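Report on the following structure.
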Amino acid sequence: MTPELRQLRYFVAVAEELSFTRAAARLTIAQQSLSQQITLLERMVGAKLFDRDSRGTALTEVGTLFLPEARAVLDRAEQAMGVVARAVRGEIGLLRMAFLATTANYLLPPVVRAVRDRFPDLELATEETTIGPLVDGVRSGRYDVAFSRPPLVDDLATRTLVTEDVCAVLPEGHRLAGRDQLSLEDLADEPWLLTPRSSWEPWHDRYDAEFRAAGFEPKVVHRDPSVQVLLGMVAAGVGVTRLARSASSLRRTGVVFVPLTGQTAPTEMVWLPGNTSAALPAVLETIAELAAAEDLAAAG
């Protein structure tokens, strides 16, 4: 049989007090109950742990050897409970984050820094991805939280962290590049560069509605899922596109970003309601506090 932790605590108390009376008082139990548990423990180990006579209580040789082992077991149990308590509070464990490729450049550094500062023992796994795998990953539990443009789906929870201008991206020297602001209608006759419709249907449904509201259907001359490629194609003079202002950090030459009137791009935290990660609630709150304190679009 294996002793209970309770019995080991009782043994250590008697060994330290060398008195059943004082040990019972320290443990706030009846002395008779304490004596019964020590007797049961001695039967389990098959040896006497204490010598008791009129002069008092003393550890036997076996009891002396057993004392450090009992203390070690109790210390390890205390450590185990501490680990569990920290895990419940979200201070340790693993949290998996995904960043939409177009947000990782500016958002990943401040987010990871804030979480590591608050929870230095929490392991973070980060991954950059596109919108389809990001949404699938949050739904499946592969990612605990993601950072993305609004996914426009009903089954995921979201919280806006930052909102920035959407800009027309034009080649340097374009006839409209010197304007302070443009409307979508100003670009009706331009050749357009866009991501593939298959990259995320809900986004393209919204784009189509915005183009219709502006009174035209864009002449799309090239599609590519990579923002870097789209920027390169704009710099080459192939056409124009529109992107959040933060994308300007991905290419400094050959293109001009001009804000589009009334158009903004939120960046959101995205997570699955019911996600069981113990760390997630505290991490979400930490990042929300970060977003309230600084401009995340400029923080990276």
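Given Cα pairs under 8 Å that are at least 6 residues apart, what percent is the relative contact order of the chain? In percent, rounded to a whole number, it is 23.
Probe of 1.4 angstrom, ligands and nucleic acids ignored: what's the accessible area per residue over segment 86-232, in square angstrom? Intermediate values should be presented prior to the final figure.
Details: 7210 Å² over 147 residues.
For segment 86-232, the solvent-accessible area averages 49 Å² per residue.
Could you look at segment 169-280 and say what percent of its accessible area is carbon and sulfur, using a 1.4 Å probe and all protein chains? Here carbon and sulfur together make up 48 percent of the probe-accessible area. Counting only protein heavy atoms and a 1.4 Å probe, segment 15-66 has 62 square angstrom of accessible area per residue. Sparse packing (at most 13 other Cβ atoms within 10 Å of the Cβ) combined with a DSSP loop state is found for the following GluC sites (Glu not before Pro) in segment 201-300: Glu294. Phi angles across segment 176-184 convert, under the Karplus curve 6.51 cos²θ - 1.76 cosθ + 1.60 with θ = phi - 60°, into 3J(HN,Hα) values of 9, 5, x, 6, 7, 7, 9, 9, 4 Hz, Gly and Pro given as x.
Scaled to the compact-protein estimate 2.2 N^0.38 Å, what is the alpha-carbon radius of gyration of segment 15-140, rounded to two decimal places? Walk me through the intermediate numbers first.
Numbers: Rg = 26.7 Å, N = 126, 2.2 N^0.38 = 13.8 Å.
Relative to the rule-of-thumb radius for its length, segment 15-140 sits at 1.93.
Taking the 1.4 Å solvent-accessible surface of segment 1-90 as the whole, the part contributed by carbon and sulfur is 55%.
Would you mind computing the Rg to Rh ratio of segment 166-299 from its alpha-carbon coordinates, Kirkwood style for Rh?
Working: Rg = 17.3 Å, Rh = 16.6 Å.
Ratio of gyration radius to Kirkwood radius for segment 166-299: 1.04.
Computed on the Cα atoms alone, the convex hull of the chain gives a volume of 173 cubic angstrom per residue. Largest GNM mean-square fluctuation among Gly215, Gly254, Gly93, using the chain with Cα springs under 10 Å: Gly215.
The values are calculated or read from the model by the stated rules, or taken from the named source; none is laboratory data. Source: prediction; values computed, not measured. Counting neighbours? That spans all protein chains shown, and the Cβs are built from the backbone with ideal geometry, glycine included. Note: accessible area is taken over every heavy atom of the protein model, side chains too, but ligands, DNA and RNA are not part of it. Shrake-Rupley method; radii C 1.70, N 1.55, O 1.52, S 1.80 Å.
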